[in-house]
Amino acid sequence: MHDDALIVTIRSVGGTTVAKVSGEIDAHSAPGLLMTLDQMLDPAGRGFIDLSRVTFLDSSGLRILVLQLMRFEEAGGQLEISAASSVVHRVVSVAGLTEVFGLPEDPHSVQ
């Protein structure tokens with residue numbers, strides 16, 4: 001997926017899929033991101049979302065992350081945020097979801 005403000009690349013190796021997201025996740029780009037993740041990530045497998053290059057995240061983007069996590073849990077798979085920018089970490093932290101996504105309390109320790 002390539003939007004003016006959002007780029008998503010997907011890489012699969014064996015049963016593991018990595019989605020690397022760059023740019024802004026907002027009300028404009030969130031629907032496309034949801035569609036891409038729904039189509040490209042196998043919720044019964046293992047998935048990682050790399051958000052290290054996300055420059056903006058609003059509540060619609062946070063909703064997409066929660067929906068993906070729920071989708072994986074319902075299918076018996078495992079989804080992790082493998083990396084998060086300070087912007088993502090701040091939004092997830094303010095929402096009280098750092099433990100839900102497995103993010104450390106210290107945003108500088110996220111790789």
For the chain, the Debye formula with one identical point scatterer on each Cα and no solvent gives log10 I(q)/I(0) at q = 0.14, 0.20 Å⁻¹ as -0.48, -1.05
Once both label points are put 7 Å beyond Cα along the C-beta direction, the SER12-MET70 separation in nm becomes 2.5 nm
Mean 1/r over distinct Cα pairs of region 52-107, inverted to a Kirkwood Rh in Å, yields 11.5 Å
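Could you work out what % of the accessible surface of region 34-73 is carbon and sulfur, using a 1.4 angstrom probe and leaving DNA, RNA and ligands out of the count?
Details: 1130 of 1960 Å².
Carbon and sulfur together cover 58 percent of it.
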By the Cα gyration tensor axes a ≥ b ≥ c (a/c under 1.5 gives rounded; else a/b larger than b/c gives prolate, otherwise oblate), the shape of region 19-83 is prolate
Measure of exposure for ASP42: accessible area at 1.4 Å probe, Å² rounded to 10, is 90 Å²
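The values are calculated or read from the model by the stated rules, or taken from the named source; none is laboratory data. None of these values were measured; they are calculated from a predicted model. Glycine gets a Cβ as well: all are built from the backbone with ideal geometry, and neighbour counts include every protein chain shown. Areas reflect the complete protein model, heavy atoms only, side chains present, ligands, DNA and RNA absent. Shrake-Rupley method; radii C 1.70, N 1.55, O 1.52, S 1.80 Å.
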